[in-house]
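FYI, it's all coordinate maths here, none of it is from the lab. Every value quoted in this text rests on a predicted model; they were computed, and no experiment measured them.
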Amino acid sequence: MSTALQIKVVTLLGYVALSTALVLMLADEGTQGAATALFYALLR
């Protein structure tokens, strides 16, 4: 894999992680549960 592509992938993952964390901080409990379940489903 080329270095430029690796940087793009890492940047994208970092952006997704940050936006997920932001949503979890701002969301209520029900939304948090759904988002967490989705997050774990994506990680498996």
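Translational diffusion coefficient of the chain at 4 °C, 1.567 mPa s, Stokes-Einstein with Kirkwood Rh over Cα pairs, in µm²/s as a whole number.
Roughly 111 µm²/s, to the nearest whole number.
Once the Cα atoms of helix 29-43 and of the chain are each reduced to a long axis, what angle between those two axes, in degrees from 0 to 90 to the nearest 10, is obtained?
Between helix and principal axis, roughly 30 degrees.
Quick one: helix 3-26 against the long Cα principal axis of the chain, what's the angle to the nearest 10°, folded into 0 to 90?
10 degrees
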